[in-house]
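Taken together, the values in this text are just the output of simple stated rules run on the coordinates, not laboratory data. Only a predicted model underlies this, so the values are computations on that prediction, with no experimental measurement involved. Counting neighbours? That spans all protein chains shown, and the Cβs are built from the backbone with ideal geometry, glycine included.
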């Protein structure tokens, strides 16, 4: 289930999905930066530009990307993995990119022997204050909904629908 709301100029997206599998396998998939592109719609070209990335995400890791936000609007994006709690949680935060603020929590919880609850919580702020919200707020919400709809459908195919 996906919700997006705004309070005090900060948007908050929350997406929860139940995946079939065990925490070890699901964590293994989501903690590999190489899998990010698989979960991103073709309408949003996305390329990791970091060289020599290790197999797994680790605390303090810097990852650089080149993304196409909308047709003809491209951006470089730099995130840092600020927290990793193995098989439970990792957080990425934008250091440079299209948002004034981006904080993305990835939570994983084994809720039965073959079910994992995955919850994403993203807090973000658009640049240019209220002007940014007026010009791009609804477009960004629509784009994030598209991304998470695609990702949820992809995960249903890969892990099996619950």
Task: Inter-label distance for residue 3 and residue 47, nm, one decimal - labels placed 7 Å from Cα along Cα-to-Cβ - done: 3.9
Task: Inter-site label distance for residue 78 and residue 38 at 7 Å from Cα along Cβ, in nm - done: 2.9
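Would you compute, from DSSP H runs of 4+ residues alone, the mean residue ellipticity of the chain at 222 nm, taking -39500 (n - 2.57) per run and dividing by the full residue count, rounded to the nearest 500?
Numbers: 2 runs with 39 residues, N = 162.
Taken over the chain, the calculation gives -8500 deg cm²/dmol.
Would you mind computing Rg(Cα) / (2.2 N^0.38 Å) for the stretch 36-77, counting N as its residues?
Working: Rg = 11.5 Å, N = 42, 2.2 N^0.38 = 9.1 Å.
Output field value: 1.26.
Over the chain, what is the relative contact order in whole percent, taking alpha-carbon pairs under 8 Å and six or more residues apart? Walk me through the intermediate numbers first.
Details: 309 pairs, mean separation 43.2, N = 162.
About 27 percent, as a whole number.
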Open item on the list: Working only with C-alpha atoms, what are the Rg and Dmax values of the stretch 72-162, expressed in angstrom?
Closed with: 15.5, 48
Open item on the list: Please report the spacing between the Cα centers of the stretch 1-52 and the stretch 86-128 in Å, no decimals.
Closed with: 7
TODO: Sort the following peptides by mean Cβ neighbour count (other Cβ atoms within 10 Å, averaged over residues), highest first: 5-15, 147-157.
DONE: 147-157, 5-15
